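Report on one structure; see the data block that follows.
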Amino acid sequence: MAAWPAAVIAGSAQHRHRAALIAPDGDQEPAEHTPRPGAGRLGPIRGWWGAARGWWVRVAGEGAAAPRWGATCGWWGAIRGWGAARRSCADRQWIVRAPAQAGRMTEDEKAVTVLGLGAMGTALAGAFLAAGRPTTVWNRTPGKAGALVAGGAVEAATIDEAARASRLVVVCLWDHRSVQQALDPVAGALAGRTVVNLTNGTPGQGRELAGWARRHGAAFLDGGIMAVPPMIGGPGAFVLYSGAQEVFDAHRDALDALGETMWVGADPGLAALHDLALLSAMYGVTMGELHAFAMVRSAGLSTTAFAPLLRRWTDAMSGFQERMAAQMEARDYTTGVVSNLAMQAAAFHNFYDAAHEQGVSPELIAPLYPLMQRRLVEGGGAEDLTGLVELLNTRRTTA
Ligand code: NDP
């Protein structure tokens with residue numbers, strides 16, 4: 001019986017490793033293709049080893065029950081291992097390249113295409129070049145690739161040519177609509193490749209593009225760039241990705257050139273969700289700062305003199321995110337409160353009055369006050385401001 005687990009487990013072992021999945025014709029495997037159990041080259045070898053062990057057990061006659069079971073299980077392991085590997089390789093003729101080989105990529109395998117040479121696309125292409133990746137670029141309006149070409153990039157004459165130049169095609173255009181307009185006509189050229197969309201969009205748009213790519217035989221990741229162009233390739237930049245993890249793993253080395261890579265989930269909409277959530281926080285802070293500067297300017301004061309004060313205050317009032325998150329998880333907004341909602345709401349009207357006195361529009365700070373009033377009416381006077389989050393879900397969850 002001892003041969004059973006060893007042979008069968010060995011023969012059907014999962015070979016999910018960080019490997020690129022390459023077809024003999026050089027195309028990339030689509031996102032949905034997952035290596036089957038035993039897909040690696042070791043699958044059949046382990047299976048045959050199990051078979052040999054089983055046969056040996058039978059011949060050597062170890063114990064009463066072991067011989068027959070040992071051989072049966074050994075052969076079964078061998079057949080499973082060999083069959084799984086053969087099916088996996090035969091399925092669109094994929095060859096699984098082991099991690100050790102990933103380090104010895106050919107220039108062709110390292111190649112990257114960047115579609116879109118705006119401020120961000122240019123920075124992305126520059127980072128790929130700096131990382132030693134053969135880089136092909138394309139832009140709707142020609143003439144923007146000069147510096148990149150001087151740095152070693154190849155400028156494709158057409159988007160079709162650009163799409164066919166690399167297995168990894170990174171897209172960074174104006175918006176979702178421009179991505180649709182650019183990619184639709186070259187869907188055929190993208191089949192078998194991996195499209196990584198780094199254009200800002202919504203979760204729904206990310207999912208829509210993922211469906212489009214799937215229908216056209218392309219692997220897909222959606223992404224959200226948490227950096228401005230000069231940060232790309234530097235230590236402060238990070239980029240969020242969502243989509244099939246195998247696809248992310250297969251291209252992570254390449255994408256690392258842009259900044260720290262973070263995979264946020266298999267749902268292709270999740271990168272955009274995180275991206276927009278983070279940007280919302282940024283805009284919220286910026287809205288308050290703009291109002292603050294407008295107030296100072298209305299009094300004829302120097303914004304330059306005011307800036308360090310503003311920075312000091314915003315720094316002092318930041319860093320509470322984990323505490324806020326814990327309150328939301330517990331749905332308890334009243335424990336350890338130091339500045340309750342009732343107190344804050346009583347003072348908040350002064351912001352309107354002061355703005356009017358100074359001739360400043362209160363529209364950037366206006367949305368908060370009605371929410372405070374609603375929460376007060378609901379009995380939330382003793383809560384932290386965090387309790388307002390309960391008013392924001394228009395689709396109430398069942399949690
Ligand atoms: P730019 O305005 O500099 O560039 C826009 C790009 O989109 C250009 O290459 C433009 O081509 C192309 N484009 C517009 N419409 C079409 C179309 N219909 N078909 C083909 N190409 C088109 O913007 P950025 O590069 O700064 O931004 C690109 C994306 O990156 C945006 O989604 C943005 O939100 C995102 N992003 C930008 C950041 C930034 O700080 N810049 C930060 C994080 C994300 P053409 O030259 O022909 O007009």
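Readers should treat all values here as calculations from the given coordinates under stated rules, not as data from a laboratory. This is a predicted model, so every value here is computed, not measured. Here Cβ is always computed from backbone atoms with ideal geometry, including for glycine, and neighbour counts include all displayed protein chains.
Please report R167, R140, R133 as a ranked list, fewest other C-beta atoms within 10 angstrom at the top and most at the bottom.
R140, R133, R167
Just to check, using Stokes-Einstein with a Kirkwood Rh over alpha carbon pairs, what's the diffusion coefficient of segment 319-391 at 25 °C and 0.890 mPa s in µm²/s?
Estimated diffusion coefficient is 187 µm²/s.
Mind listing the phi-derived Karplus ³J(HN,Hα) values for segment 121-128, rounded to whole Hz, using 6.51, -1.76 and 1.60 with θ = phi - 60°, and x for any glycine or proline?
x, 5, 5, 4, 4, x, 5, 5
Residues with amide H under 5 Å of E383's amide H, sequence separation 5 or more or different chain, H placed in the peptide plane at 1.01 Å from N; which?
Close amide H contacts, sequence-distant or interchain: L341, A342.
What are the residues whose amide H is under 5 Å from the amide H of T136, where those residues sit 5 or more places off or on another chain and H is modelled from the backbone?
V112, T113, V114, V154
Note the full-extension length gain between D332 and T394 as 0.36 nm times their separation in residues minus their Cα-Cα distance, in nm to one decimal.
20.3 nm
In whole Hz, with x marking every Gly and Pro, tabulate ³J(HN,Hα) for segment 319-328 from phi via Karplus 6.51 cos²θ - 1.76 cosθ + 1.60, θ = phi - 60°.
x, 9, 4, 5, 5, 4, 4, 5, 4, 5
Counting Lys and Arg as +1 and Asp and Glu as -1, what is the net charge of the other residues whose Cβ lies under 15 Å from the Cβ of G201?
Net charge around G201: -3.
Can you sort S302, S166, S178 from fewest to most other Cβ atoms within 10 Å of each residue's own Cβ?
S302, S178, S166
Show me the GluC sites (Glu not before Pro) within segment 328-399 that DSSP assigns to loop and that have at most 13 other Cβ atoms within 10 Å of their Cβ.
E363, E378
Per residue of segment 224-235, what does 6.51 cos²θ - 1.76 cosθ + 1.60 with θ = phi - 60° give for ³J(HN,Hα)? Whole Hz please, x for Gly and Pro, Karplus curve as stated.
x, 8, 9, 5, 9, x, x, 7, 4, x, x, x
Please give the net charge around R374, taking every other residue with its beta carbon less than 14 angstrom from that of R374, where Lys and Arg add +1 and Asp and Glu add -1.
-2
Points 7 angstrom from Cα along the Cβ direction at M343 and T304: gap in nanometres?
That separation, rounded to one decimal, is 3.8 nm.
Among rounded, prolate and oblate, which fits segment 107-273 when a ≥ b ≥ c are the square roots of the eigenvalues of its C-alpha gyration tensor, a/c under 1.5 means rounded, and a/b larger than b/c means prolate?
Here segment 107-273 falls in the rounded category.
Count the net charge of all other residues whose Cβ sits under 13 Å from the Cβ of P235, scoring Lys and Arg as +1 and Asp and Glu as -1.
Taking every other residue near P235 into account, the sum is -2.
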